[in-house]
Structure formats: structure tokens, C-alpha cells
Amino acid sequence: MKNLTEGNITDAVIKAIEGTQDARAKEVMTSLIRHLHSFVKEVQLTQDEWETAIDYLYNTGQISGPTRNEFVLTSDTLGISSLVDIINSNPDGGTEASVLGPFYIEGSKMVEVGADLIGDSEGEPTVVSGTVRTLGGEPIADAMIDLWQTAANGLYENQDPEQPENNLRCRMLTNEDGYYQFSTIKPVSYKVPTDGPVGVMLNLQGRHAWRPSHLHFKVSADGHRNVITEVFDEADEYIEEDAVFGVRKSLAIPYTKISEPSEAERFGVPSPFYRVEFDFELEAL
Ligand SMILES: [Fe+2]
């Protein structure tokens, strides 16, 4: 029997997974084991600290469900989600990716270009539009725009029983010119949920939980790589200190206030309103 020590246990575990058939899985798990062992040795992790980590994972699973994913929020607040986005972004261009976040729901209602999402929502009217195109600038018709955002109270529909189902979220196909447009309310800066393990962690680290105002988008089209991203209000007070590290310069744009009643009439929204224009560029597969 081999005598396991701090010096040889890492190699023993790596030897134990030698039979992993999938080459990439083997590469990733080997590296993960090396880094985790190295981390434990570097900080000389105590038994209590190990239990704290296991409790964190257990509690994160317990609070997660179909409408809330505390694992995603953990990844986001540790900058892991953004790091993955950054290393997988296309150096040749295209819309930069940003965090999916924990509030995405598949299968939102389908609406037409020009849809009004405001309904009974309180908040500042905002018209959002743009074009989906290729890296070469060709418009992409029938691209799927999937949008989700907060209400004026800073909550997503799936966090807030007071909001109707599908409130301030939708899917829409671009028209023959690759164009999309919808009326909504200006999203507000909000705090990520702090009633779970992530809140305990942020508190321990002396950090705030605020995210700058943003619209979430998932954009997809046949023959193109999907992009999951966020479009930020560049004037938001938290634009430089997003709790989940999602902001990129190319994704922070102006919300232009428009006061001409004729323009409000043209878009069918109350005056004054904000105008936001953002184009998406998708890489061909
Ligand atoms: Fe969000």
C-alpha cells in the first residue's frame, strides 16, 4: 500500500482518472485537480474551512431551482462567467458576450417587431431598436432576439409574484432588413439577490451587490454563432463597479432622452421617452 502524503496525493488522484476516455474531459479534470490541490496546500485549508466550503455548495444547491440559479450567481460574482465570455469571444469582431445571469427563462412569448412591452408597467418609456447583421455588415432576416429585463422595482418577472408572466421579456424575429424594435421601460440598476450564499460571501468580502442598468439579450440566427450579452446605460452610477463584472466598453451606450411629442407619437409611447439603438453582429459558423 502506498503511503499517501501531502507531496504525492495529487499525482495519486491524477493517476486514478487516467482511464478517462474523453480527451478534453481528462485534460480539464486533471488541471482542475492540480489547481484545487495546489490551492488547498497554498492556504493550508483547515477542516472548518473545508466544511464552510461544502456548506456553501450545499446551500447553493438548496436555494437553486427552475427560476433561480445560485451557482450561476456564484460564478458571476467571482468573475468566472465573464472570464469564460472573454476568452471565448471572437478576436475578429462581432458583438461581445456578457453574462447570462440567473434570470433567463427559455420560451418567452413571441411578439412582432415594434411590440409594446410596457403594458401596465411603471417606469420611463424607452424605445429600443437596431439591426442584426453579419460581421461583413449584411442584415440577417429572421434572427431571433430574446430579451429579458427588470421592472421599475429592480426585479425580474420570475423573482416577483406581483408581475404578470412574461412581463418585460419576449422573443422576436427580425424583419427582412434584419431590424428589431420594441417599446419598454428603462431598466434600473438593481442588487443581485443577497438572501442566499452569495449574499453571505459578498458581505464577507465587503462588497456591494449592485449591477448597472442593463437589457439582457440572447440573439441567434441559422448558420451563425449565438451571442448572449447585455446592453448597459453608460450613464448609470454603477457602470464602473458591476458586482458581476459584465460591463464591456462596446456594450455601454447612451440612452438619449427625446422630448418631441411627434417622435413619441411615431413610436406610440408617452413623451418624453428614451431612445436606445444597438446593432448586433453575429459570426458565421
Ligand atoms: Fe440582469
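Scaled to the compact-protein estimate 2.2 N^0.38 Å, what is the alpha-carbon radius of gyration of the range 129-257, rounded to two decimal places?
Cα-based Rg divided by the globular estimate yields 1.17.
Using 1/(1 + (r/R0)^6) with R0 = 41 angstrom and r between the beta carbons of Ser38 and Tyr58, what's the FRET efficiency to the nearest 0.05?
0.95
If the elastic network links every pair of Cα atoms under 10 Å, which of Ala151, Ala252, Ala12 fluctuates the most in the Gaussian network model of the chain?
The residue with the greatest mean-square fluctuation here is Ala12.
Between Leu78 and Asp48, what is the label-point separation in nm under the 7 Å Cα-to-beta-carbon projection?
In this crude spin-label approximation the distance works out to 2.2 nm.
Calculate the FRET efficiency for Lys257 and Glu138 from the Cβ-Cβ distance with a Förster distance of 51 Å, rounded to the nearest 0.05.
Efficiency for this residue pair is about 0.95.
For the pair Glu241 and Thr10, what calculated FRET efficiency results from E = 1/(1 + (r/R0)^6), where r is the Cβ-Cβ distance and R0 = 45 Å, to the nearest 0.05?
0.75
Given bins 5 angstrom wide, list per bin the percent of all Cα-Cα distances in the range 1-45, short to long.
Bin by bin from 0 Å, the calculated values are 5, 21, 29, 22, 14, 9, 1.
Collect residues whose amide H, placed 1.01 Å from N in the peptide plane, falls under 5 Å from the amide H of Glu234; neighbours closer than 5 in sequence don't count.
Ile253, Tyr255
Modelled label-to-label distance, Glu122 and Ile105, 7 Å Cα→beta-carbon offset: nm?
2.2
For the chain, what is the Kirkwood hydrodynamic radius in Å, using each pair of distinct C-alpha atoms?
With all distinct Cα pairs of the chain included, I get 21.3 Å.
In whole Hz, with x marking every Gly and Pro, tabulate ³J(HN,Hα) for the range 57-71 from phi via Karplus 6.51 cos²θ - 1.76 cosθ + 1.60, θ = phi - 60°.
5, 4, 5, 5, x, 4, 8, 8, x, x, 10, 8, 10, 6, 5
Hand me the trypsin sites (Lys or Arg not before Pro) from the range 236-285 located in a DSSP loop with no more than 12 other Cβ atoms within 10 Å, in residue order please.
Answer in residue order: no site qualifies.
Give the distance, in whole Å, between the Cα centre of the range 19-59 and the Cα centre of the range 238-263.
For the range 19-59 versus the range 238-263, the Cα centre distance is 39 Å.
Quick one: Karplus J couplings for the range 151-158, per residue in order, coefficients 6.51, -1.76, 1.60, θ = phi - 60°, nearest Hz, x for Gly and Pro?
After applying 6.51 cos²θ - 1.76 cosθ + 1.60, I find 7, 5, 7, x, 10, 7, 3, 7 Hz.
Hey, got a sec? Which chymotrypsin sites (Phe, Trp or Tyr not before Pro) in the range 208-285 land in a DSSP loop and have at most 12 other Cβ atoms within 10 Å?
Answer by residue number: there is no such site.
Spelling out what I want: for every residue of the range 5-11, take phi, set θ = phi - 60°, compute 6.51 cos²θ - 1.76 cosθ + 1.60 (Karplus), and round to whole Hz; glycine and proline get x.
9, 4, x, 10, 5, 4, 5
What number do you get for the range 76-136 when its Cα radius of gyration is normalised by 2.2 N^0.38 Å, N = residues?
The reported ratio for this selection is 1.52.
Read the figures in this text as sums done on the coordinates, not as results from a lab. These numbers were taken from a predicted model, which means no experiment stands behind them. Note that each Cβ is placed from the backbone with ideal geometry, even for glycine, and that neighbours are counted across all protein chains shown.
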